[in-house]
Amino acid sequence: MGPHRAPTFRGERRKSRLRLCLADGAGPAAGTGHRKETMGGSWHDRDDAALVRGCLQGREDAWEELVRRYRRLIYSIPVAFRFSEDQADEVFQRVALKLLEKLESLEKVGSLGSWIGTVTRRECLDIVRGRARSADVEPEVLEQHAAPEVPADDTLVAIEQEHAVALALERLDPTCRELLRALYVESPRPAYDEIAARMGRPVGSLGPTRGRCLKKLERRYRQVLGGSS
């Protein structure tokens, strides 16, 4: 097997801590026999399986896109657990390390987002239980001690769904992305005539365009959940 080269987390606030899980030897190996991924566009447009293949080839840019794509999901879960910033950073570091360790087995995972969500939740629970043990809580009351900090399952499902919608929105064409963000993301929502002027379109065209864009968003959302492009 060829030499290992660890990707980096550029732009992260706590680079020194993240380097602990990206030390030499921890990253994906170059020259592992996987099919080379030709770019033909940015990694931003590739599905999760293509990104994983790129990481296994030692492509730092593929790793950076994979981290960018799921960073918000990873951080949202410790926020739901009401963790501090340092604890959220620790969770991110742990999940990034597990992602690196499991790359070869993740190439054919149906939904990488669901896998990452599950791993992140487990890491959060480990921290909660570790905190309880350090406080000398008896085993029989450990779960009761942790319960107030553990968000309901439907909260975590909602976080994963919101993240999938955000990824689906990113993958739309510029017209649909701009229109749907103006209608459903911007606050306060701009008036229709303002949106039409911004996009250089007649006001009367926005309704039909919105309908088509919502259908595209639904298709992209299902693709994100299924792990395809």
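The values are calculated or read from the model by the stated rules, or taken from the named source; none is laboratory data. From a predicted model like this one, the values you see are computed outputs, not experimental measurements. Using ideal geometry, Cβ is built from the backbone for each residue, glycine included, and neighbour counts are taken over all protein chains shown.
Laid out as a table, the results:
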{"read-out": "Scan of segment 177-229 for residues that are without any contact (Cβ under 8 Å) to a residue 60 or more places away in the chain and of a type in the set (V, I, T), ordered by number", "value": "V185, I195, V203, T209"}
{"read-out": "Residue that is modelled with pLDDT of 85 or more, within 18 Å of the chain's Cα centre (by Cα), surrounded by 14 or more Cβ atoms within 10 Å (Cβ to Cβ) and among the polar types (S, T, N, Q), where the choices are S76, S111", "value": "S76"}
{"read-out": "Residues of segment 40-61 satisfying the condition of being free of Cβ contacts under 8 Å to residues at least 60 places away in the same chain, assigned to a helix (DSSP H, G or I) and farther than 13 Å from L112 by Cβ", "value": "W43, G54, L56, E60, D61"}
{"read-out": "Residues of segment 182-194 classified as loosely packed, with under 13 Cβ neighbours inside 10 Å and either under 24 Å from the mean Cα position of the chain (by Cα) or of a type in the set (S, T, Y) (or both), total", "value": "3"}
{"read-out": "Answer from S105, S76 - the residue that is farther than 24 Å from L169 by Cα, in the same structural domain as C124 (by TED's automatic domain parsing) and among the polar types (S, T, N, Q)", "value": "S105"}
{"read-out": "Residue ID - farthest from R53 (Cα to Cα), chosen from residues in segment 70-116 that are assigned to a loop (DSSP other than H, G, I, E, B) and not polar (S, T, N, Q)", "value": "R82"}
{"read-out": "Single match in R17, R94, R68, R122 (criterion: modelled with pLDDT of 90 or more, farther than 20 Å from T155 by Cβ and either surrounded by fewer than 16 Cβ atoms within 10 Å (Cβ to Cβ) or among the hydroxyl-bearing types (S, T, Y) (or both))", "value": "R68"}
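Let's see how each residue does on (1) surrounded by 13 or more Cβ atoms within 10 Å (Cβ to Cβ); (2) part of a helix (DSSP H, G or I); (3) within 29 Å of the chain's Cα centre (by Cα):
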{"site": "A196", "(1), (2), (3)": "yes, yes, no"}
{"site": "R201", "(1), (2), (3)": "yes, no, no"}
{"site": "S205", "(1), (2), (3)": "no, yes, no"}
{"site": "T209", "(1), (2), (3)": "yes, yes, yes"}
{"site": "L217", "(1), (2), (3)": "yes, yes, yes"}
